[in-house]
1. Given the options Phe125, Phe79, Phe141, name the one that is in contact (Cβ under 8 Å) with a residue 24 or more places away in the chain, closer than 16 Å to Gln35 by Cβ and touching a strand residue (DSSP E or B) at 6+ places or on another chain (Cβ under 6 Å).
2. Considering Ala127, Ala115, which residue is assigned to a loop (DSSP other than H, G, I, E, B) and of a type outside the set (Ser, Thr, Tyr)?
3. Could you give every pair whose Cβ atoms fall below 6 Å, whose first residue belongs to segment 86-113 and is within 17 Å of Leu73 (Cβ to Cβ), and whose second residue is assigned to a loop (DSSP other than H, G, I, E, B), counting only separations of at least 6 or pairs across chains?
4. Would you confirm whether or not segment 23-41 contains a residue that is more than 20 Å from Arg53 (Cβ to Cβ), under 14 Å from the mean Cα position of the chain (by Cα) and surrounded by fewer than 16 Cβ atoms within 10 Å (Cβ to Cβ)?
5. If the requirement is being over 18 Å from Val13 (Cα atoms), part of a strand (DSSP E or B) and among the aliphatic types (A, V, I, L, M), which of these qualifies: Leu142, Leu66, Leu105?
6. State which residue pairs qualify: first residue within 24 Å of Ala96 (Cβ to Cβ) and inside segment 34-60, second residue surrounded by fewer than 19 Cβ atoms within 10 Å (Cβ to Cβ) and among the hydrophobic types (A, V, I, L, M, F, W, C) in any location, beta carbons under 7 Å apart, and separation of 6 or more residues or different chains.
7. Taking into account only those residues within segment 59-86 that are at pLDDT below 95 and of a type in the set (D, E, K, R), which is surrounded by the fewest Cβ atoms within 10 Å (Cβ to Cβ)?
8. Going through Gly26, Gly36, Gly60 one at a time, which residue ends up being within 21 Å of Gln130 (Cβ to Cβ) and small (Gly, Ala, Ser)?
Amino acid sequence: MKALIQRVNHASVEVEGREVGAIDRGLLALVGVEQGDDEAAADKLLHKLLHYRVFGDDQGKMNRNLQQVDGGLLLVSQFTLAADTRKGLRPSFSCAAPPEAGERLFHYLLDRARAAWPRVASGEFAANMQVSLVNDGPVTFLLES
């Protein structure tokens, strides 16, 4: 599994004009599920999402994690993260998990995140979503499990 995370001051996601998820300070995580991913990969990714130190401490160094700053986590499924872009000028999605497996693992990750942390929001799997954010920094990392 992959997650492109962005440290944000605010982020939200809309589907058909209605807001389905929003957070203030925290992390926006665009999540891609690849073939071969399983619950162990989702658990490892969740651990990173909750504990990755990307927030500044009193000296301004990235030493605090999401939980230490009491931040929100917005999970948005994005199968295009599983694209193979090494060849040609069109992405290949042969590495992406089939839709059913991707949906199952995304919801597994979401359920585990909600059980572990009270401020979790999400988009809708396979929906056409409009994601808005105010990137803080900007700070963006690609996490892989």
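The values are calculated or read from the model by the stated rules, or taken from the named source; none is laboratory data. Keep in mind that this is a model prediction, so the values were computed, not measured. Quick reminder, even Gly has a Cβ in these numbers, built from the backbone with ideal geometry, and neighbours come from all protein chains shown.
1. None of the other options fit; the residue is Phe79.
2. One residue alone meets the criteria, Ala127.
3. From segment 86-113, the pairs are Leu105/Val33; Leu105/Asp37; Phe106/Phe125.
4. No, because not a single residue in segment 23-41 is more than 20 Å from Arg53 (Cβ to Cβ), under 14 Å from the mean Cα position of the chain (by Cα) and surrounded by fewer than 16 Cβ atoms within 10 Å (Cβ to Cβ).
5. Unique residue meeting the criteria: Leu142.
6. Within 7 Å, the pairs are Glu34/Cys95; Gln35/Cys95; Leu45/Leu143; Leu46/Ala116; Lys48/Leu143; Tyr52/Leu143.
7. If we take residues in segment 59-86 being at pLDDT below 95 and of a type in the set (D, E, K, R), then Arg86 is surrounded by the fewest Cβ atoms within 10 Å (Cβ to Cβ).
8. Result of the check over Gly26, Gly36, Gly60: Gly26.
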